[in-house]
């Protein structure tokens with residue numbers, strides 16, 4: 001067993017024996033057992049130089065069963081893997097925990113280790129100018145939210161690449177990359193003024209085209225039915241006129257024979273049907289035309305189409321029928 005294993009295990013046993021927190025004593029045996037297994041695995045991995053797997057196991061062991069010795073071992077793991085800032089912070093935390101447990105020897109060892117690394121810790125300063133400190137500004141460093149109180153503070157940071165994400169409501173988000181390739185370095189990143197997001201394109205004008213197409217189709221259908229009615233009115237109007245002419249040949253001095261009476265009745269019936277057909281057909285034709293002329297147009301259609309200023313469609317009664325009239329000014 002090497003020096004690291006002996007020191008870590010000794011500190012773990014000493015701090016565990018002196019711990020006074022009731023929650024530590026109340027933990028279930030399975031949780032404590034898992035923490036112990038993780039600790040042993042982490043020690044074995046660290047002895048083989050596999051710090052990438054050892055450090056997370058030390059951290060999880062400490063989460064399950066908070067222990068000053070485990071925390072000290074985690075700090076050593078960070079230090080040996082080159083994460084100087086994480087090691088410095090963890091040694092500091094181990095010293096505080098040892099002090100709370102009244103373990104002067106453990107506190108002294110953790111404090112000395114932290115002091116030894118203090119001059120080697122790299123620091124990152126995130127500056128936020130007044131113009132950039134807008135409402136809702138959010139800053140994240142490697143996925144961790146940077147609180148407003150941390151702005152402008154020299155924050156301990158491990159060597160390696162780091163990403164700063166900057167965002168705010170209604171603004172275009174941006175990122176800043178910063179890398180520390182050596183210890184005892186200090187760098188500063190200034191948050192830029194975020195650009196406003198472009199306004200969404202107005203779709204209201206183009207939305208009128210599909211709705212307008214449907215209205216125009218309905219107008220053509222209604223107008224088509226109206227034209228059929230006008231055609232029927234014309235047919236029955238001509239029939240009424242013809243029957244009236246035939247009836248006149250069977251009448252003399254306002255007296256008509258039976259054939260004249262029949263032809264006169266048929267003529268009046270045809271005239272009635274013609275009038276109704278003309279009125280209904282004219283109304284439908286007018287309605288269809290209104291639907292077509294008032295249908296919303298798309299932006300391109302409005303640009304290319306000549307505007308219709310006035311228009312009129314009507315039905316004018318005539319002897320024995322009716323006449324459709326239409327006029328428009330462009």
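The values are calculated or read from the model by the stated rules, or taken from the named source; none is laboratory data. Remember, predicted model here, so these are calculated numbers, not experimental data. Please note: Cβ atoms are built from the backbone with ideal geometry, for glycine as well, and neighbour counts cover all protein chains shown.
Could you please give the count of residues in segment 48-90 that are under 25 Å from residue 160 (Cα atoms) and assigned to a helix (DSSP H, G or I)?
As a first pass, look at segment 48-90 and keep what is under 25 Å from residue 160 (Cα atoms): 48-60, 71-90.
Next cut, assigned to a helix (DSSP H, G or I) only: 51-60, 71-80, 84-90.
Residues flagged as under 25 Å from residue 160 (Cα atoms) and assigned to a helix (DSSP H, G or I) within segment 48-90 amount to 27.
Could you please tell me which pairs satisfy a Cβ distance under 6 Å, a separation of 6+ or placement on different chains, a first residue in segment 22-39 that is loosely packed, with under 15 Cβ neighbours inside 10 Å, and a second residue that is at pLDDT 55 or above and assigned to a helix (DSSP H, G or I)?
Cβ pairs passing all conditions: 31/64.
Any residue in segment 45-65 that's free of Cβ contacts under 8 Å to residues at least 24 places away in the same chain: show its pairings with residues that are part of a helix (DSSP H, G or I) and surrounded by fewer than 19 Cβ atoms within 10 Å (Cβ to Cβ) at Cβ separation under 6 Å, as long as the two are six or more apart or on different chains.
Every condition considered, the pairs that remain are 45/53; 57/41.
For (1) part of a strand (DSSP E or B); (2) surrounded by 15 or more Cβ atoms within 10 Å (Cβ to Cβ); (3) at pLDDT 85 or above, each residue gets a yes or a no:
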| position | (1), (2), (3) |
| --- | --- |
| 176 | yes, yes, yes |
| 184 | no, no, yes |
| 208 | no, yes, no |
| 216 | no, yes, no |
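Would you point out the residue of segment 78-99, among those that are touching a residue at least 60 places away in the same chain (Cβ under 8 Å) and either touching a strand residue (DSSP E or B) at 6+ places or on another chain (Cβ under 9 Å) or over 24 Å from residue 51 (Cα atoms) (or both), that is surrounded by the most Cβ atoms within 10 Å (Cβ to Cβ)?
Selected residue: 98.
In segment 109-119, how many residues are touching a residue at least 12 places away in the same chain (Cβ under 8 Å) and part of a helix (DSSP H, G or I)? Reasoning before the result, please.
Filtering segment 109-119 down to residues touching a residue at least 12 places away in the same chain (Cβ under 8 Å) leaves 109-111, 113-114, 117-119.
Pick out the ones that are also part of a helix (DSSP H, G or I) and you get 109-111, 113-114, 117-118.
Total meeting the criteria: 7.
Looking at segment 123-161, which of its residues are farther than 20 Å from residue 83 by Cβ, free of Cβ contacts under 8 Å to residues at least 24 places away in the same chain and not in a loop (DSSP other than H, G, I, E, B)?
145, 148, 149
Does residue 45 satisfy the condition of being part of a helix (DSSP H, G or I), at pLDDT 95 or above, crowded, with 20+ Cβ neighbours inside 10 Å and outside the structural domain of residue 169 (by TED's automatic domain parsing)? Before the answer, list the steps.
Working: part of a helix (DSSP H, G or I): yes; at pLDDT 95 or above: yes; crowded, with 20+ Cβ neighbours inside 10 Å: no; outside the structural domain of residue 169 (by TED's automatic domain parsing): yes.
Judged against the criteria, residue 45 is not a match.
Can you tell me which residue is farthest from residue 95 (Cα to Cα) among those in segment 112-132 that are exposed (fewer than 15 other Cβ atoms within 10 Å of the Cβ) and in contact with a strand residue (DSSP E or B) (Cβ under 9 Å, 6 or more places away or on another chain)?
Going through segment 112-132, the residues exposed (fewer than 15 other Cβ atoms within 10 Å of the Cβ) turn out to be 112, 115-116, 118-119, 127, 129-131.
From what's left, in contact with a strand residue (DSSP E or B) (Cβ under 9 Å, 6 or more places away or on another chain): 127, 129.
Details: 127: 31, 129: 36 Å.
Among them, the one singled out is 129.
Out of the residues in segment 255-274 that are touching a helix residue (DSSP H, G or I) at 6+ places or on another chain (Cβ under 7 Å) and under 23 Å from residue 234 (Cβ atoms), which is modelled with the highest pLDDT? Before the answer, list the steps.
Initial filter on segment 255-274 (touching a helix residue (DSSP H, G or I) at 6+ places or on another chain (Cβ under 7 Å)): 256, 260, 263-264, 266-267, 270-271, 273-274.
Subset that is under 23 Å from residue 234 (Cβ atoms): 263-264, 266-267, 270-271, 273-274.
Numbers: 263: 70, 264: 75, 266: 79, 267: 72, 270: 75, 271: 80, 273: 87, 274: 76.
Checked segment 255-274; the qualifying residue modelled with the highest pLDDT is 273.
Any residue in segment 136-144 that is touching a helix residue (DSSP H, G or I) at 6+ places or on another chain (Cβ under 7 Å) and surrounded by fewer than 20 Cβ atoms within 10 Å (Cβ to Cβ)?
We begin by selecting, within segment 136-144, every residue touching a helix residue (DSSP H, G or I) at 6+ places or on another chain (Cβ under 7 Å); these are none.
Looking through segment 136-144, none of the residues is touching a helix residue (DSSP H, G or I) at 6+ places or on another chain (Cβ under 7 Å) and surrounded by fewer than 20 Cβ atoms within 10 Å (Cβ to Cβ).
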